[in-house]
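Only the coordinates and a few stated rules stand behind these numbers; no lab work does. Just so it is clear, the structure is predicted and the values come from calculations on it, not from any experiment. A quick note on method: Cβ atoms are made from the backbone with ideal geometry, for glycine too, and the neighbour counts reach across all protein chains shown.
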Amino acid sequence: MITEEIKVIGFDADDTLWVNEPYYKEAETAFIRLVSAYGVERDAAAVLYETEMANLELYGYGIKAFMLSLVECAIRLTKGTVTSDTIAKILGIGKEMLQRPIELLEDVKPVLEKLSPRYRLIVATKGDLLDQERKMTRSGITAYFHHIEVMSDKKKKNYMQLLHHLDIIPREFLMIGNSMKSDILPPLKLGAYAIHVPYHTTWAHEEVDEEPGAERFHRVEKLKDILKLIPPVSVR
Ligand SMILES: [Mg+2]
């Protein structure tokens, strides 16, 4: 059980509050279709992943970084023969992703409605600042949150900074998200609480084998089940 020490609850955004990874998978499929017209011999998905990983440190996360990797990958896969017309189509895939309507996941609104009067809720997400802010505005759930924290990464040190800004100690923080690697393991290592809400699709980069043994760790099947784990009255 999660104790009544909790003051702030952090929610991951992508694939926790709204659909995200399936859009990347769709974009990848459209990209592979475009480059396969060039008679590409290599495994396009593998080369794309390799390109994204190589660019991660320079570009960070998000759709714009993904678009640059798509273009670079197209050049590599076609050995430089990719046409400007195809490049324009690749950019179009990314622009379409940036403009997609927000699809909230099941139970998001009722859960936030229950928790927001009792706890300080924040969104803690990676990705591109402009894109995440735009998604937040379009989502219609901004009012439930104290603020949105767009983090350059979600490692232990990033969470330490976050808790410092929030002026709370780890045991006063609960993080909820779909990625064990980004949302669950780092906060647990700091001494915070974490609830894993798995999503059916996970980006390879977010996959880990580690299974935490900490008492502060929980896993639920559906987002609404988190309400059973969180004390009804907070001390905030
Ligand atoms: Mg996520």
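Of all lysines in the structure, those lying under 20 Å Cα to Cα from K89, and not within fewer than 8 positions of it along the same chain, are K25, K64, K79.
Mean separation of Cα pairs under 8 Å and 6 or more residues apart, divided by the residue count, gives the chain a relative contact order of 29 percent. Given their separation in residues at 0.36 nm each and the Cα-Cα distance between them, K95 and A30 gain 22.1 nm when the chain is fully extended. Between 0 and 90 degrees, the angle of helix 129-139 with respect to the longest Cα principal axis of the chain falls at about 70 degrees. Sorted ascending by nearby beta carbons within 10 Å, beginning with the fewest, F173, F217, F145 become F217, F145, F173. Could you tally the net charge around P212, taking each other residue with its Cβ under 13 Å from the Cβ of P212, Lys/Arg +1 and Asp/Glu -1? Every neighbour counted, the sum reads -1. Axis of helix 156-166 versus longest Cα principal axis of the chain: the two differ by about 50°, to the nearest ten degrees.
This ranking places E113, E28 by how few other beta-carbon atoms lie within 10 Å of each, fewest first, which gives E113, E28.
Couplings 3J(HN,Hα) for the stretch 90-105, derived from phi with the Karplus relation 6.51 cos²θ - 1.76 cosθ + 1.60 (θ = phi - 60°), are 5, 4, x, 4, x, 4, 5, 4, 5, 9, 5, x, 7, 10, 5, 7 Hz, where x marks Gly and Pro. Taking Cα centroids, how far is the stretch 1-72 from the stretch 95-162 in Å? Computed from Cα coordinates, the inter-centre distance equals 17 Å.
Roughly what % of Cα-Cα distances in the chain sit above 33 Å, to the whole percent? For the chain, the fraction of Cα-Cα distances above 33 Å is 23 percent. Estimated purely from DSSP H runs of n ≥ 4, each contributing -39500 (n - 2.57), the mean residue ellipticity at 222 nm for the chain is -13000 deg cm²/dmol once divided by its residues.
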